[in-house]
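Data block below; observations after.
The values are calculated or read from the model by the stated rules, or taken from the named source; none is laboratory data. From a predicted model like this one, the values you see are computed outputs, not experimental measurements. For neighbour counting, all protein chains shown are included, and Cβ atoms are generated from backbone atoms with ideal geometry for every residue, glycine included.
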Amino acid sequence: MLDAYQDLIDELLGTPTEIRQLVTAAGDAAVPPEAVQLIAELRDRDRAVLDRAQTITRQQEPFLRSIHLPPRPDEELSRALEEMEQARGDLVSLLINLSLKDWARPAIDETEGEETLADEIERHVEFDENQRARIRDILSA
């Protein structure tokens, strides 16, 4: 079980480096606003998932509202990257310190129904993978 959780953490750890490499290869000035928006969405979702994870570990079967990411036009690339890295670091720090029991803690999600903290993080990893693919596509076009 622990290996599966470590794999989730490893997936999350690789994203900031990959995105920095993609941005560097494209050149900061060549990064379109759509890509910056996707980076900002990663940051915002990391913050939301961190809050949800903390709620799950602190409360007995909490009810979690759906994550809604409002669009944030006109984000500055350097700020979005820096804040994305910080938010990812905060989330990973929490996850690294969880016990096996914490990963199995239950919650009720507004749209997903009953879930565990592990389910929440697996869904976040899937979101993360989709965002990275979209950013890659935009920057390679």
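Values computed for the structure shown
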quantity	calculated
Residue 116 vs. criteria among the β-branched types (Val, Ile, Thr), over 13 Å from residue 8 (Cα atoms) and surrounded by 12 or more Cβ atoms within 10 Å (Cβ to Cβ)	yes
Any hit, segment 67-85, residues being in contact (Cβ under 8 Å) with a residue 40 or more places away in the chain, loosely packed, with under 12 Cβ neighbours inside 10 Å and within 16 Å of the chain's Cα centre (by Cα)	no
Unique match (being touching a residue at least 12 places away in the same chain (Cβ under 8 Å) and part of a helix (DSSP H, G or I)) among 107, 118, 133	118
Flag for residue 45 being of a type in the set (D, E, K, R), in contact with a strand residue (DSSP E or B) (Cβ under 6 Å, 6 or more places away or on another chain), crowded, with 18+ Cβ neighbours inside 10 Å and at pLDDT 95 or above	no
Positions within segment 1-56 being under 18 Å from the mean Cα position of the chain (by Cα), polar (S, T, N, Q) and farther than 15 Å from residue 133 by Cα, in sequence order	6, 54, 55
Selected residue [hydrophobic (A, V, I, L, M, F, W, C) and out of contact with any helix residue (DSSP H, G or I) (no Cβ under 9 Å at 6 or more places or on another chain)] from 104, 133, 35, 40	133
Yes/no for residue 51 being of a type in the set (Asp, Glu) and either at pLDDT below 95 or touching a Lys or Arg at 6+ places or on another chain (Cβ under 8 Å) (or both)	no
Of all residues making up segment 57-93, the number that are touching a Lys or Arg at 6+ places or on another chain (Cβ under 7 Å) and charged (D, E, K, R)	1
Selection status of residue 139, of a type in the set (A, V, I, L, M), touching a residue at least 60 places away in the same chain (Cβ under 8 Å) and surrounded by fewer than 11 Cβ atoms within 10 Å (Cβ to Cβ)	no
